[in-house]
Amino acid sequence: MGGWQEIASDGVPIRAWTRGVPVEDVALAQLRNVARLPFVHPWVAAMPDVHWGIGATVGSVIPCRGAIVPAAVGVDIGCGMMAVQTGLGAGQLPDNLADLRARIERAVPHGRTGRGRVANDRGAWRDPPDDVVHAWKTCAHDGRSLEDGLKRITGRHGKLATGTALPHLGTLGTGNHFIELCLDEGDRVWAMLHSGSRGIGNRIGTWFIEQAKQELARRGIEPPDPDLSWLAEDSPLFADYVEAVGWAQAFALANREVMMGRVLDALRGSTTGFALGAVAVNCHHNYVAREQHFGEALWVTRKGAVHAGAGELGIIPGSMGARSFIVRGRGNPDSFCSCAHGAGRAMSRNEAKRRFTVEEHVHATEGVECRKDAAVIDETPMAYKDIDAVMAAQDDLVEVVHTLKQVLCVKG
């Protein structure tokens, strides 16, 4: 069923893996805007979870010659997934999963209060613990610790300075970010989570998006959408953006690793016979990287897409009530070795809140220990596309290695 179909465009071609999956008109319009950018080459790839985003479409892969669109990378720079297989079986989980969920929620700050100010924000560390501080001082980007790397970036661009970077390391955030315990096809327990670069990534992304808009305005260039403003390689800010976005991506990787360590500790403390399994995956799905494709070096932005090189493992989550998948990439060059990053939203958050009730959400998440209140209706499974249709549309991009079904979910 998979394989791409071409979407009409007055720019470069658009190859879309969307057979059997609905695509909203506003998303198609965004794809066509991206395809009109003068440096996009040789085509845009749209994944089956494609849907409207700010500026660029979520679920798109954008290869560029000599330029990057900061808003296509987005403000949750390095957002992605991590999954770890354990040696536990389903029968070794505690009978009271509510207690285990509470233990995980105590171990990992999540959500947001106090308008994000650290002193009053339950989603941030007020006094970062030793494992968080250790990661801050040792996890490296370009040979520097996260701490030293941020000092270098803010030394040149003081407006990027913020006190939230360290307090947000090892924290989950809000929205579609989550922590889950899942069972695979053999009833083995997995820990899985979704998060990115938190407040500091937002600050970096937002600032460079605005600089790109101002730079094009000074040059008298009007992009198809202001949020598609770009930084060219000859821009004085280009190298600074590449350094800053690379740092934020390293922060996001470390953020997931710190959280996963705490989730596994919570699981270890709630079970007997805990052991780690053989599989662990930590992958971005909102990022930019310099890659070789079709004989040339391109800046490839994946906005809601996972790198799926031949034999490479990735994670494609469903929703709070649907299956998720550990996949192995097929290295398909037509998609720039990419695949979907999840089910993809079927509607906006506001539309989901208008359309669905708490009772419907409770029914859709039956059997999952999770929040079942009005504040998470925007994340209810019905707000997302059919993950099975998404997987069928990309069977030439990935093969399924493990199928996971959640039994516990933590949401911000």
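The values are calculated or read from the model by the stated rules, or taken from the named source; none is laboratory data. Note that the structure is predicted; figures quoted are calculated from it, not measured. Neighbour counts run over all protein chains shown; Cβ positions are idealised from the backbone, glycine included.
Give me the pairs, please: first residue somewhere in region 7-25 and in contact (Cβ under 8 Å) with a residue 12 or more places away in the chain, second residue anywhere and acidic (Asp, Glu), beta-carbon distance under 7 Å, and either six or more positions apart or on two chains.
Close Cβ pairs satisfying both conditions: Pro13/Glu6; Ile14/Glu6; Arg15/Glu6; Arg15/Asp334.
Quickly run through region 31-59 and pick out the residues that are of a type outside the set (Gly, Ala, Ser), within 12 Å of Asp225 (Cβ to Cβ), under 23 Å from the mean Cα position of the chain (by Cα) and surrounded by 21 or more Cβ atoms within 10 Å (Cβ to Cβ).
Result: Leu31, Val34, Thr57.
Is at least one residue of region 341-349 among the polar types (S, T, N, Q), modelled with pLDDT under 95 and more than 19 Å from Leu183 (Cβ to Cβ)?
Checking region 341-349: at least one residue is among the polar types (S, T, N, Q), modelled with pLDDT under 95 and more than 19 Å from Leu183 (Cβ to Cβ).
Looking at region 38-81, which of its residues are aliphatic (A, V, I, L, M), in contact with a Leu (Cβ under 8 Å, 6 or more places away or on another chain) and outside any strand (DSSP E or B)?
Passing the criteria: Ala56, Val69, Ala71, Ala72.
For the structure I just gave you, tell me whether Phe238 is closer than 16 Å to Gly66 by Cβ, over 18 Å from the mean Cα position of the chain (by Cα) and either buried (at least 16 other Cβ atoms within 10 Å of the Cβ) or touching a residue at least 12 places away in the same chain (Cβ under 8 Å) (or both).
Answer is yes for this residue.
From Asp227, Asp184, Asp240, Asp234, which residue is of a type in the set (Asp, Glu) and touching a strand residue (DSSP E or B) at 6+ places or on another chain (Cβ under 8 Å)?
That would be Asp184, the only listed residue that is of a type in the set (Asp, Glu) and touching a strand residue (DSSP E or B) at 6+ places or on another chain (Cβ under 8 Å).
Give region 97-121 a look and list any residue that's within 18 Å of Ile200 (Cβ to Cβ) and either touching a helix residue (DSSP H, G or I) at 6+ places or on another chain (Cβ under 8 Å) or hydrophobic (A, V, I, L, M, F, W, C) (or both), or say none.
Val108, Gly114, Gly116, Val118, Ala119, Asp121
Is it the case, given these coordinates, that Arg106 is over 28 Å from Gly2 (Cβ atoms), touching an Asp or Glu at 6+ places or on another chain (Cβ under 6 Å), surrounded by fewer than 23 Cβ atoms within 10 Å (Cβ to Cβ) and among the charged types (D, E, K, R)?
no
Just to be sure I understand, how many residues within region 305-322 are assigned to a loop (DSSP other than H, G, I, E, B), more than 22 Å from Arg65 (Cβ to Cβ) and modelled with pLDDT of 95 or more?
5
Take His284 and tell me if it is in contact with a Gly (Cβ under 6 Å, 6 or more places away or on another chain) and touching a residue at least 40 places away in the same chain (Cβ under 8 Å).
Here the answer is yes, as His284 does meet what is asked.
Has region 347-354 got any residue that is buried (at least 24 other Cβ atoms within 10 Å of the Cβ) and either in a loop (DSSP other than H, G, I, E, B) or without any contact (Cβ under 8 Å) to a residue 24 or more places away in the chain (or both)?
In the first step, residues of region 347-354 are kept if they are buried (at least 24 other Cβ atoms within 10 Å of the Cβ); the result is none.
There is no residue in region 347-354 that is buried (at least 24 other Cβ atoms within 10 Å of the Cβ) and either in a loop (DSSP other than H, G, I, E, B) or without any contact (Cβ under 8 Å) to a residue 24 or more places away in the chain (or both).
Can you confirm whether Met382 is hydrophobic (A, V, I, L, M, F, W, C) and free of Cβ contacts under 8 Å to residues at least 60 places away in the same chain?
Considered against the rule, which asks whether it is hydrophobic (A, V, I, L, M, F, W, C) and free of Cβ contacts under 8 Å to residues at least 60 places away in the same chain, Met382 comes out as yes.
Which ranges mark the strands (runs of 3 or more DSSP E) fully within region 198-304 that have 2 or more residues being touching a Phe, Trp or Tyr at 6+ places or on another chain (Cβ under 7 Å) and either among the small types (Gly, Ala, Ser) or at pLDDT 95 or above (or both)?
Result: 286-293, 296-303.
For the condition under 21 Å from the mean Cα position of the chain (by Cα), assigned to a helix (DSSP H, G or I) and under 25 Å from Gly53 (Cα atoms), what is the one hit in Asp334, Asp388?
Step by step, each of Asp334, Asp388 is checked, and only Asp388 is under 21 Å from the mean Cα position of the chain (by Cα), assigned to a helix (DSSP H, G or I) and under 25 Å from Gly53 (Cα atoms).
Just one of Ile200, Ile204, Ile209 is more than 18 Å from Arg256 (Cβ to Cβ) and β-branched (Val, Ile, Thr); which is it?
Result of the check over Ile200, Ile204, Ile209: Ile209.
So which residues in region 186-197 are among the polar types (S, T, N, Q) and either farther than 22 Å from Trp230 by Cα or in a helix (DSSP H, G or I) (or both), if there are any at all?
Ser195, the sole residue that qualifies.
Out of all the residues in region 129-160, which are on the phi < 0 side of the Ramachandran plot, surrounded by fewer than 20 Cβ atoms within 10 Å (Cβ to Cβ) and touching a Gly at 6+ places or on another chain (Cβ under 9 Å)?
Those that are on the phi < 0 side of the Ramachandran plot, surrounded by fewer than 20 Cβ atoms within 10 Å (Cβ to Cβ) and touching a Gly at 6+ places or on another chain (Cβ under 9 Å): Pro129, Asp131, Ala140.
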